[in-house]
Amino acid sequence: MIRFQKLRADAIEPVRATTHAAGFDLCAPERVEIAPGKAYWVPSGIAMAIPAGWVGLIWPRSGLAYKYGVDTLGGVIDADYRGEVKIGLINLGNETVEIKAGERVCQLVVQPYLGECEMVDELPPVESNRVGGFGST
């Protein structure tokens with residue numbers, strides 16, 4: 001379970017848009033404008049407690065990306081972070097984009113991760129049709 005906390009009165013509770021939605025929509029509590037080619041860190045007014053062994057990932061909303069060229073920057077929220085989540089947005093479009101107060105600006109997807117690794121002299125074999133490197137399939 002993820003626990004959310006409002007850090008300011010105008011913060012909007014994260015919700016999943018549908019029963020089967022993988023992500024929680026995060027909203028901008030205040031109006032911002034992002035000029036073409038510029039980035040802006042939108043405060044969410046939200047803090048969260050993600051369980052150990054899990055990570056929160058910030059992903060763009062399809063509508064903003066498709067209509068306006070707005071993408072997200074960074075966005076890894078570790079289980080031991082309790083500060084305000086800020087949402088890095090970049091305008092890759094050609095016109096200034098207005099984000100209205102209360103508008104959904106990104107999705108938070110929470111998933112488990114593997115936290116341990118080891119260095120080995122040789123990787124185990126795997127059956128595959130791959131020939132070559134990146135882009136070979």
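Calculate, for the chain, the solvent-accessible area per residue in square angstrom, rolling a 1.4 angstrom probe over the heavy atoms of the protein chains.
Result: 69 Å² per residue.
In a solvent-free Debye calculation with one equal scatterer on each Cα, what is log10 I(q)/I(0) for the stretch 35-85 at q = 0.17, 0.28 Å⁻¹, listed in the order of the q values?
-0.63, -1.13
Please report, as a whole percent, how much of the solvent-accessible surface of the chain comes from carbon and sulfur atoms (probe radius 1.4 Å).
53 percent
Residue by residue, what Karplus-based ³J(HN,Hα) values in Hz, rounded to whole numbers, does the stretch 116-129 have, using 6.51, -1.76 and 1.60 with θ = phi - 60° and x for Gly and Pro?
So the J values, rounded to whole Hz, are 10, 8, 8, 8, 10, 6, 8, 7, x, x, 9, 6, 7, 8.
Please list, in chain and number order, the residues 5+ apart from ILE46 or on another chain whose amide H is under 5 Å from its amide H, with Hs placed from the backbone.
LEU7, VAL85
Once the stretch 15-137 is represented by equal point scatterers at the alpha-carbon sites, with solvent omitted, what log10 I(q)/I(0) does the Debye formula produce at q = 0.16 Å⁻¹?
Computed log10 I(q)/I(0) values: -0.85.
With each run of n ≥ 4 DSSP H residues scored as -39500 (n - 2.57), what mean residue ellipticity at 222 nm is computed for the chain after dividing by its residue count and rounding to the nearest 500 deg cm²/dmol?
-1500 deg cm²/dmol
The values are calculated or read from the model by the stated rules, or taken from the named source; none is laboratory data. On a predicted model such as this, the values are computed, not experimentally measured, just so you know. These area figures cover heavy atoms from the full protein model, side chains too; ligands, DNA and RNA do not enter into them. Shrake-Rupley method; radii C 1.70, N 1.55, O 1.52, S 1.80 Å.
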